[in-house]
Structure formats: structure tokens, C-alpha cells
Amino acid sequence: MAFMPRGIVIPVVTPVDAEGRFKEAEYRSLLCYFIDNGVHGVFPFGTSGEFYAFDNGFYRHVLEVTVDAVKGRMDVYAGANHITPRGAIELAKIAGECRVDALSVLTPMFVSQTQKEVELYYRTVADATSLPIVIYNNKPKTNVTVEPATIRRLAQVKNIVAVKDSTGDMTNSEEYIRLTRDIPDFHVLMGRDTLICAALHYGAAGAITSCGNVAPRIAVDIYENFKAGKYQEALEAQFKLSALRVASNMGTFPVVIKEALNMLGFEVGNCAAPILPLNDEQRASLRAVLKEIGLLK
């Protein structure tokens, strides 16, 4: 397919007010922040965007706003995440009507599956849409994985163009790359912020980075310096981003990402219930990290 996943993609948070209403102006400001810092793509309704907290009407509205705000300056990936293929296909249809560039499809949650069932899930969704699909493996959250051999088979489906690996297992990422390196239209995207530089060395096409919400320029510096052969500079940028990613373990994901954005002046609000805000001690620790990596004075 003509679409090529690459570079730094941000799984954007969903700004909401205290009543859970979408804060469109703040969202548009975030998208401009990403564009101004050289980000290559934006991904609404990923894990960072709390996809599980919103209905289909909300989903459609945010995608419409995203496409309108981006105006072709970044690729737009839309999360189409559901337990059933029927539900994922319904979201894919909405995303197609909103004219996004690609879909990110998470493995089904809650239900334990064999690899045959996982493969059938993706083939069913792929058959029902013409949009390019990125397989999203987030085993730590879903307890469901897509094994490298399964990825090898799925990579040969015409509109399955990439896999995002958020397992944190570098051997798994390496096997994805090794087993698909002879399929020119298939790509691997790193989904663990601490491993972007390593994945690029193996041959990954880029990364989908939650901490890029807060530090888009640092994330882009990893990619751009690596592509320019400035490997030490890429590594130094990786170390900065890694400090923020490690700090995100202080609370239930993605609360640290939202709290950090609030500290930077983006009023994105709190996470959906039942996720609680950070306490004062955690906020002080987060503020220290943001100062350490040069985002706060």
C-alpha cells in the first residue's frame, strides 16, 4: 500500500473537563505542539487516549476534529479497539468515514485466545476495511500476545502494514523485524519508550511513544539524530525520554502523562474514573524529572 508508517507517532491523550466533556481547544493546541516539534503522526484513542472510556459518538467527533486540525501535516492513526471483530469493524467504519490515514487495532482484551484465533481476528478486520492496519501488541495490558510467527503470516495480508510492539521484550521486537525483513511493505514500530533507540538500530521504522505527548521534540530527536547517523546524540535523547517513561510508573497509566501536560500548561484534565490523580509527593517527583530533562525551569 502507499501508506508507510514511519517516524515518531504520538498516541495523544484525550483532554476532558471535570464532567468528562471533550476539551476541543486544548486538543487542537496539543496537535499544534506536536506539529511544531516535527512529529510525523498522531494516534487518537490508543492506551494513552483512554480509548475504553468513550462511546462511538465521542470517538467520531474527536476523529473529525483531528483530521480537520492536522490538515495533512501529520499522519492520523485511529485506534479501533474491541473484544469482538464486529466491534472493531464498527470503529473502523467510523474511522474510514472520518478519512483517517490508518488504523491501530489492539489485540482483543479479556478473552484468552490461541494464535489461530488472534490471526483470524486480524484477518476478519482487515477484510472489512480498505484502511491500512497497524497490529497493536500490548501484552502487559491485555495478557494477549501476537507471536512472531503469527506476525509473519499477517504481514502478508495486503492492508496489514505494521505492528506496534509494546511488550517491552526486545527479543520479541527483534524477531518481528527478522521474520518480516523480506516483506518491503511491512514495518515494525516500537511501542516501549525506553527502547526506541535500540529498535531503530535493529531496523524499526519508528515509534509510537506515549511520553511524546509531553516531550515531542525529545522523541523526534531520537529518530532524526539516528537517521542522520548521529548515534550518540540519539542515545542522549533516548536517555532523557527514558527518565520520563520510568517516572510514568508512579501512577496508573496514563495519569503521569496527563499530569505532566497539566504542569506544562496544557489543561488536559484528569484521567477517567477510577484512575486517581497523583498525590503531592508524586507530583513533586514528576516536576523534578521535567526539570531534569529541560521541560520545566
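For a paramagnetic label modelled on ALA288 (point 7 Å from Cα along Cα→Cβ), amide N atoms under 16 Å away belong, within the range 236-264, to 243-251. Tell me the net charge near VAL246. Cut-off is 13 Å between Cβ atoms, VAL246 excluded, with +1 for each Lys or Arg and -1 for each Asp or Glu. Net charge around VAL246: +1. One Cα centroid belongs to the range 188-219, the other to the range 55-73; the line between them spans 24 Å. Based on the convex hull around the alpha carbon atoms, the range 158-297 presents an average projected area of 9.7 nm². For GLU26, GLU292, the sequence from fewest to most other C-beta atoms within 10 Å is GLU292, GLU26. Around LEU120, with a cut-off of 12 angstrom between Cβ atoms, what is the net charge of the other residues, counting Lys and Arg +1 and Asp and Glu -1? Once positives and negatives cancel, what remains is 0. Counting 0.36 nm for each residue step from ARG123 to ARG28 and taking away their Cα separation leaves a gain of 30.8 nm. Computing FRET efficiency as 1/(1 + (r/R0)^6) for ARG99 and ASP280, where r is the C-beta to C-beta distance and R0 is 45 Å, gives about 0.55.
Summary value for the chain: 19 percent relative contact order, contacts being C-alpha pairs under 8 angstrom separated by 6+ residues. A cut-off under 13 angstrom between Cβ atoms defines the neighbours of ALA272, and their net charge, with Lys, Arg +1 and Asp, Glu -1, is -2.
Extension gain, GLU267 to ARG60: 0.36 nm times the residue separation minus the Cα-Cα distance gives 72.3 nm.
Read-outs throughout are calculated quantities, based only on the coordinates presented, and are distinct from any laboratory measurement. All values reported here derive from a predicted model rather than from experimental measurement. Note that we place each Cβ from the backbone using ideal geometry, even for glycine, and neighbour counts take in every protein chain shown.
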